1. Got a sec? Which of ALA35, ALA45, ALA74, ALA13 is within 16 Å of the chain's Cα centre (by Cα) and among the small types (Gly, Ala, Ser)?
2. What tally of residues in the range 149-162 results from selecting those that are part of a loop (DSSP other than H, G, I, E, B) and surrounded by fewer than 16 Cβ atoms within 10 Å (Cβ to Cβ)?
3. Is it fair to say GLU179 is under 22 Å from HIS81 (Cβ atoms) and loosely packed, with under 15 Cβ neighbours inside 10 Å?
4. If only one of LEU60, LEU55 is surrounded by fewer than 19 Cβ atoms within 10 Å (Cβ to Cβ), among the aliphatic types (A, V, I, L, M) and at pLDDT 95 or above, which one is it?
5. Is it the case that the range 154-169 has a residue that's under 17 Å from LEU40 (Cβ atoms) and either charged (D, E, K, R) or in contact (Cβ under 8 Å) with a residue 12 or more places away in the chain (or both)?
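The values are calculated or read from the model by the stated rules, or taken from the named source; none is laboratory data. No experiment lies behind these values; they were computed from the predicted model shown. Don't worry about glycine lacking a Cβ; one is built from the backbone with ideal geometry, like all the others, and counts go over all protein chains shown.
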Amino acid sequence: MDVLERAGDIDQALLAAPHDQTNRQFIAAWLRWRAPGRRLPKRSAAELGDIKPLLPRVVLIEFAGADDIRIKVAGSQLRDHLDFEATGRSFAEITPPEHWPLRRWRLTQMATWPCGSCMINHDTQTRGGEGVTFETVTLPLEPDGPGKPRLLISNVAVIGGIYEPPIKGRPQLFRLSSEFRFLDLGAGIPDRLEP
(Lines give C-alpha, C1' and ligand atoms only; values in the text may rest on other atoms or scores of the structure.)
Protein backbone atom coordinates (compact mmCIF):
# COMPACT_ATOMS: atom_id res chain seq x y z
CA MET A 1 0.00 0.00 0.00
CA ASP A 2 1.48 3.36 -0.97
CA VAL A 3 1.46 6.51 1.15
CA LEU A 4 -1.55 8.07 -0.63
CA GLU A 5 -3.66 4.92 -0.22
CA ARG A 6 -2.78 4.75 3.49
CA ALA A 7 -3.64 8.43 3.94
CA GLY A 8 -6.98 7.87 2.17
CA ASP A 9 -7.74 4.88 4.42
CA ILE A 10 -6.91 6.94 7.54
CA ASP A 11 -9.14 9.80 6.35
CA GLN A 12 -12.03 7.37 5.67
CA ALA A 13 -11.62 5.77 9.11
CA LEU A 14 -11.59 9.24 10.67
CA LEU A 15 -14.81 10.20 8.86
CA ALA A 16 -16.46 6.96 9.99
CA ALA A 17 -15.42 7.32 13.66
CA PRO A 18 -18.27 9.44 15.07
CA HIS A 19 -21.92 8.44 15.36
CA ASP A 20 -23.22 11.95 14.68
CA GLN A 21 -23.53 13.34 11.15
CA THR A 22 -22.54 16.87 12.24
CA ASN A 23 -19.34 15.47 13.74
CA ARG A 24 -18.62 13.85 10.38
CA GLN A 25 -19.21 17.26 8.73
CA PHE A 26 -16.80 18.80 11.25
CA ILE A 27 -14.13 16.20 10.39
CA ALA A 28 -14.70 16.71 6.64
CA ALA A 29 -14.10 20.46 7.07
CA TRP A 30 -10.92 19.78 9.09
CA LEU A 31 -9.68 17.47 6.31
CA ARG A 32 -10.34 20.21 3.70
CA TRP A 33 -8.28 22.68 5.75
CA ARG A 34 -5.13 20.54 5.42
CA ALA A 35 -2.65 21.42 2.72
CA PRO A 36 -1.70 18.54 0.39
CA GLY A 37 0.84 16.25 2.05
CA ARG A 38 0.29 17.71 5.54
CA ARG A 39 -0.94 15.72 8.51
CA LEU A 40 -2.56 18.73 10.24
CA PRO A 41 -4.10 21.95 9.01
CA LYS A 42 -2.49 25.22 10.02
CA ARG A 43 -4.50 27.49 12.31
CA SER A 44 -4.72 30.12 9.56
CA ALA A 45 -6.22 27.54 7.16
CA ALA A 46 -9.23 26.90 9.41
CA GLU A 47 -12.17 28.40 7.54
CA LEU A 48 -14.79 28.83 10.25
CA GLY A 49 -17.37 29.55 7.55
CA ASP A 50 -17.11 25.84 6.67
CA ILE A 51 -18.52 24.98 10.10
CA LYS A 52 -20.72 28.05 10.64
CA PRO A 53 -23.84 26.06 11.67
CA LEU A 54 -21.73 24.21 14.26
CA LEU A 55 -20.07 27.25 15.90
CA PRO A 56 -22.52 27.47 18.84
CA ARG A 57 -21.14 24.13 20.04
CA VAL A 58 -17.50 24.38 18.99
CA VAL A 59 -14.69 24.71 21.53
CA LEU A 60 -11.27 26.10 20.66
CA ILE A 61 -8.59 25.02 23.13
CA GLU A 62 -5.16 26.66 23.38
CA PHE A 63 -2.39 24.28 24.38
CA ALA A 64 0.63 26.31 25.58
CA GLY A 65 1.93 23.36 27.67
CA ALA A 66 0.69 20.49 29.82
CA ASP A 67 0.02 22.89 32.70
CA ASP A 68 -1.31 25.71 30.53
CA ILE A 69 -4.39 24.50 28.65
CA ARG A 70 -7.09 27.13 28.20
CA ILE A 71 -10.48 27.30 26.57
CA LYS A 72 -9.95 30.09 24.08
CA VAL A 73 -13.59 30.05 22.90
CA ALA A 74 -16.63 27.97 23.84
CA GLY A 75 -19.78 28.28 21.76
CA SER A 76 -22.96 29.79 23.17
CA GLN A 77 -24.89 26.50 23.09
CA LEU A 78 -22.27 24.98 25.38
CA ARG A 79 -22.58 27.91 27.78
CA ASP A 80 -26.33 27.35 27.89
CA HIS A 81 -25.90 23.65 28.60
CA LEU A 82 -23.14 24.01 31.19
CA ASP A 83 -24.80 27.00 32.85
CA PHE A 84 -21.46 28.82 32.97
CA GLU A 85 -19.08 30.61 30.62
CA ALA A 86 -16.04 28.47 29.84
CA THR A 87 -14.35 30.91 27.43
CA GLY A 88 -11.03 32.09 28.84
CA ARG A 89 -10.91 29.54 31.64
CA SER A 90 -8.15 27.08 32.38
CA PHE A 91 -9.09 23.45 31.82
CA ALA A 92 -7.52 22.64 35.20
CA GLU A 93 -9.92 24.92 37.07
CA ILE A 94 -13.04 23.42 35.47
CA THR A 95 -11.98 19.77 35.80
CA PRO A 96 -12.59 17.82 39.01
CA PRO A 97 -9.13 17.66 40.67
CA GLU A 98 -9.08 13.86 40.73
CA HIS A 99 -9.66 13.82 36.93
CA TRP A 100 -7.13 16.50 36.00
CA PRO A 101 -4.07 14.22 35.57
CA LEU A 102 -5.96 12.03 33.07
CA ARG A 103 -7.54 14.94 31.18
CA ARG A 104 -4.19 16.79 31.04
CA TRP A 105 -2.48 13.66 29.68
CA ARG A 106 -5.12 13.09 27.00
CA LEU A 107 -5.10 16.73 25.87
CA THR A 108 -1.30 16.66 25.78
CA GLN A 109 -1.36 13.54 23.60
CA MET A 110 -3.78 15.16 21.15
CA ALA A 111 -1.71 18.33 20.95
CA THR A 112 1.74 16.78 20.73
CA TRP A 113 1.41 13.26 19.30
CA PRO A 114 -0.67 14.51 17.34
CA CYS A 115 -3.94 12.61 17.27
CA GLY A 116 -7.63 13.33 17.65
CA SER A 117 -10.31 11.89 19.90
CA CYS A 118 -13.94 10.88 19.98
CA MET A 119 -15.71 10.73 23.33
CA ILE A 120 -19.18 10.07 24.67
CA ASN A 121 -20.56 11.66 27.80
CA HIS A 122 -23.97 11.14 29.41
CA ASP A 123 -25.03 14.15 31.48
CA THR A 124 -27.77 13.48 34.03
CA GLN A 125 -27.55 16.90 35.69
CA THR A 126 -30.50 18.25 33.72
CA ARG A 127 -33.72 19.78 35.01
CA GLY A 128 -35.85 16.79 34.03
CA GLY A 129 -33.24 14.30 35.21
CA GLU A 130 -33.56 12.17 32.08
CA GLY A 131 -30.18 13.27 30.84
CA VAL A 132 -28.66 13.80 27.46
CA THR A 133 -25.79 12.05 25.66
CA PHE A 134 -23.10 14.06 23.91
CA GLU A 135 -20.45 12.99 21.41
CA THR A 136 -17.37 15.22 21.16
CA VAL A 137 -14.75 15.07 18.41
CA THR A 138 -11.46 16.91 19.05
CA LEU A 139 -8.78 17.56 16.40
CA PRO A 140 -5.49 19.49 16.53
CA LEU A 141 -4.52 22.57 14.53
CA GLU A 142 -0.87 23.33 13.87
CA PRO A 143 0.35 26.78 14.98
CA ASP A 144 1.13 29.31 12.28
CA GLY A 145 4.63 29.97 13.51
CA PRO A 146 7.32 28.98 15.98
CA GLY A 147 6.59 29.77 19.59
CA LYS A 148 2.83 29.92 19.01
CA PRO A 149 0.63 27.49 20.96
CA ARG A 150 -0.98 24.50 19.30
CA LEU A 151 -4.76 24.58 19.20
CA LEU A 152 -7.34 21.83 19.56
CA ILE A 153 -10.80 22.29 18.10
CA SER A 154 -13.82 20.30 19.25
CA ASN A 155 -17.41 19.87 18.14
CA VAL A 156 -19.95 18.74 20.72
CA ALA A 157 -23.08 17.02 19.35
CA VAL A 158 -26.19 15.72 21.10
CA ILE A 159 -26.63 12.08 20.10
CA GLY A 160 -29.18 10.76 22.57
CA GLY A 161 -31.90 11.79 24.92
CA ILE A 162 -33.93 14.94 24.75
CA TYR A 163 -31.99 18.10 25.38
CA GLU A 164 -32.94 19.67 28.69
CA PRO A 165 -31.43 22.70 30.43
CA PRO A 166 -28.97 21.97 33.24
CA ILE A 167 -30.07 21.98 36.84
CA LYS A 168 -29.46 25.29 38.55
CA GLY A 169 -26.44 25.53 40.81
CA ARG A 170 -24.62 22.57 39.28
CA PRO A 171 -20.84 22.63 39.75
CA GLN A 172 -18.97 24.63 37.12
CA LEU A 173 -17.03 21.61 35.87
CA PHE A 174 -16.38 19.62 32.70
CA ARG A 175 -16.66 16.00 33.72
CA LEU A 176 -14.68 13.20 32.10
CA SER A 177 -16.37 11.26 29.36
CA SER A 178 -17.75 7.78 29.94
CA GLU A 179 -16.22 6.56 26.65
CA PHE A 180 -13.00 7.84 25.10
CA ARG A 181 -10.85 6.80 22.15
CA PHE A 182 -8.00 8.37 20.28
CA LEU A 183 -8.30 8.90 16.52
CA ASP A 184 -5.40 8.25 14.16
CA LEU A 185 -4.53 11.23 11.95
CA GLY A 186 -1.57 9.49 10.30
CA ALA A 187 0.93 9.41 13.18
CA GLY A 188 -0.73 6.48 14.97
CA ILE A 189 -2.27 6.74 18.42
CA PRO A 190 -0.99 6.27 21.97
CA ASP A 191 -0.96 2.62 23.04
CA ARG A 192 -3.03 3.35 26.14
CA LEU A 193 -5.85 5.67 27.25
CA GLU A 194 -4.32 6.60 30.61
CA PRO A 195 -0.91 7.86 31.69
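1. Only one candidate qualifies: ALA74.
2. Result for the range 149-162: 1.
3. The answer is yes for GLU179.
4. None of the others qualify; the one that does is LEU55.
5. Yes - at least one qualifying residue is present in the range 154-169.
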